[in-house]
Amino acid sequence: MKRILHVGMGPLGVRIVQDLHEREVGHVVAAVDSSPALAGTSLAKLIPGVNPEMKIAGSLEHVDNWSQIDCVIVTTASDLVSCADTLRFLLKKGKPVVSTCEELVYPWLRHVALAEELDDLAVAHGGRLLGTGVNPGFLMDALPAFITCVSKSVRSVKVQRIQDASVRRIPFQQKIGAGLDDAAFNAKVRDGSLRHVGLGESLHFLSHYLGLTIERWDEDLAPVRADRDVVSGLGPIARGKIAGVRQVARGYHDERVVVHLEFIAAVGHQESFDRIVVEGEPPMDVIIPGGVHGDVATSSIVINSIPRIMEAKPGLHTMATIAPPFFQRRAL
């Protein structure tokens, strides 16, 4: 059973550690969170059943059992710059790292120099680094790429992820603007704090690995309004008020859309599905009715990717450069 250091004990981090414990596929031997409310407290207060003697460290500098750590999971931030110091520290320790940092899924879009630095650090110290998740990381990038293994040709790809956010964790509902008024929504759009992080990364992942040359790309974002009174984890949302977000990214070649990604997440949305349409030979139209539950899937893909990143060669990886992960029934 692999020994895991987990960094970031927010709602997603707690879920991943719970799943590791319940599935008996990994053993958390250290945990880190910089929050003053968590640092120094027992991990068992968050996750009953784990070792009650284990304390949550306030920083990586306070971890003292590096020889016992086989792999690290990082669930701290969406933007790569915010995660960079943590990743540098871990790579210098020569550790395999799986992170849910959305921009790390395809970091060459916005952070070319930083991506090269992290790759160099990993190679120099024997570390490995992977950014993954359900979206980005799988449903709107890796999965569409994987299903083209049966394709003779691919002319374009369209992916839709439409979901009712009522079943998602509260931080996710906050991230999509549920319950905000128009002024607050627009202000958060302007400062970049309200958006589905990673849609551009997914688009460029597909462009790169499928050879769909993009000459330009654009992205737009608009509120989704409740069509009836609904209840969210943040409180009631009246009919007509903002319940979530619709975000679309398009990649163009010769003024033709060759990659089209549509993401809708709204509390109370009455239709949920994931859909991939490949224009090519053969044409494909793949639908997952009801869609994939984001929190369950994010935790699972992180855990199931641990063996794949550990066996990969040192360096910065994507979901296209490791062996495909799959469900792990036995201990990692």
Pairing a residue in the range 297-319 that is in contact (Cβ under 8 Å) with a residue 24 or more places away in the chain with any residue that is assigned to a loop (DSSP other than H, G, I, E, B) and among the aromatic types (Phe, Trp, Tyr), where Cβ atoms lie under 7 Å and the two sit 6 or more apart in sequence or on different chains, gives Ile301/Phe138; Asn304/Phe326; Asn304/Phe327; Thr318/Tyr106; Met319/Phe138
I'd like to verify a number: residues in the range 207-232 that are in a loop (DSSP other than H, G, I, E, B) and farther than 22 Å from Ser272 by Cβ, how many? 5
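Of the residues His196, His204, which is out of contact with any Lys or Arg (no Cβ under 6 Å at 6 or more places or on another chain), in contact (Cβ under 8 Å) with a residue 24 or more places away in the chain, part of a loop (DSSP other than H, G, I, E, B) and buried (at least 19 other Cβ atoms within 10 Å of the Cβ)? Can you show your working first?
Numbers: His204 fails: part of a loop (DSSP other than H, G, I, E, B).
Step by step, each of His196, His204 is checked, and only His196 is out of contact with any Lys or Arg (no Cβ under 6 Å at 6 or more places or on another chain), in contact (Cβ under 8 Å) with a residue 24 or more places away in the chain, part of a loop (DSSP other than H, G, I, E, B) and buried (at least 19 other Cβ atoms within 10 Å of the Cβ).
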Within the range 233-249, is there a residue that is assigned to a strand (DSSP E or B), modelled with pLDDT of 90 or more, within 21 Å of the chain's Cα centre (by Cα) and farther than 19 Å from Val292 by Cβ? yes
Condition set basic (Lys, Arg) and in contact with a helix residue (DSSP H, G or I) (Cβ under 8 Å, 6 or more places away or on another chain), scope the range 158-202, selection farthest from Gly244 (Cα to Cα): answer is Arg169
Residue pairs, Cβ under 7 Å, 6 or more apart or interchain, first in the range 267-289 and without any contact (Cβ under 8 Å) to a residue 60 or more places away in the chain, second surrounded by fewer than 20 Cβ atoms within 10 Å (Cβ to Cβ) and of a type in the set (A, V, I, L, M, F, W, C). List them. Asp285/Val277; Ile287/Phe273; Ile288/Phe273; Pro289/Phe273
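Across the range 218-252, what is the total count of residues that are surrounded by 17 or more Cβ atoms within 10 Å (Cβ to Cβ) and closer than 21 Å to Val159 by Cα? Full working, then the answer.
To start, the set of residues in the range 218-252 that are surrounded by 17 or more Cβ atoms within 10 Å (Cβ to Cβ) comprises 221, 223-224, 226, 230, 232-233, 237, 241-247, 249-251.
From the residues that got through so far, the ones that are closer than 21 Å to Val159 by Cα too are 221, 223-224, 244-247, 249-251.
The qualifying residues number 10.
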Scan of the range 47-75 for residues that are more than 12 Å from His27 (Cβ to Cβ) and of a type in the set (Val, Ile, Thr), ordered by number: Ile47, Ile56, Val63, Val72, Ile73, Val74, Thr75
Could you say which residue among Asp229, Asp218 is over 19 Å from the mean Cα position of the chain (by Cα) and at pLDDT below 95? Asp229
If you go through the range 26-36 one residue at a time, do you hit one that is part of a loop (DSSP other than H, G, I, E, B), modelled with pLDDT of 95 or more and in contact with a Phe, Trp or Tyr (Cβ under 7 Å, 6 or more places away or on another chain)? no
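Could you tell me whether any residue of the range 92-99 is of a type in the set (A, V, I, L, M, F, W, C) and either more than 16 Å from the chain's Cα centre (by Cα) or surrounded by fewer than 24 Cβ atoms within 10 Å (Cβ to Cβ) (or both)?
no
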Residues within the range 47-82 that are touching a Leu at 6+ places or on another chain (Cβ under 8 Å) and either closer than 23 Å to Ile306 by Cβ or part of a helix (DSSP H, G or I) (or both), tallied: 14
Sole residue being within 25 Å of Ala265 (Cα to Cα), surrounded by fewer than 19 Cβ atoms within 10 Å (Cβ to Cβ) and among the aromatic types (Phe, Trp, Tyr), chosen from Phe146, Phe138, Phe89: Phe146
If the Cβ limit is 7 Å and pairs must be 6+ apart or interchain, which residue in the range 81-107 that is over 12 Å from Leu60 (Cα atoms) pairs with which residue that is crowded, with 21+ Cβ neighbours inside 10 Å and among the charged types (D, E, K, R)? Pro96/Arg128; Val97/Arg128; Glu102/Glu201; Glu103/Glu201; Val105/Asp141; Val105/Glu201; Tyr106/Glu201
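Name every residue in the range 178-193 that is touching a residue at least 60 places away in the same chain (Cβ under 8 Å), in a helix (DSSP H, G or I) and either aliphatic (A, V, I, L, M) or touching a His at 6+ places or on another chain (Cβ under 8 Å) (or both), in order of residue number. Break it down into steps so the answer makes sense when it comes.
Within the range 178-193, the first condition is being touching a residue at least 60 places away in the same chain (Cβ under 8 Å), and the residues that meet it are 178-182.
Next, only the ones that are in a helix (DSSP H, G or I) stay: 182.
Correct list: empty.
The values are calculated or read from the model by the stated rules, or taken from the named source; none is laboratory data. All figures in this text were calculated on a predicted structure; none of them were measured in a lab. Glycine also receives a Cβ, built like all others from the backbone with ideal geometry; neighbour counts cover every protein chain displayed.
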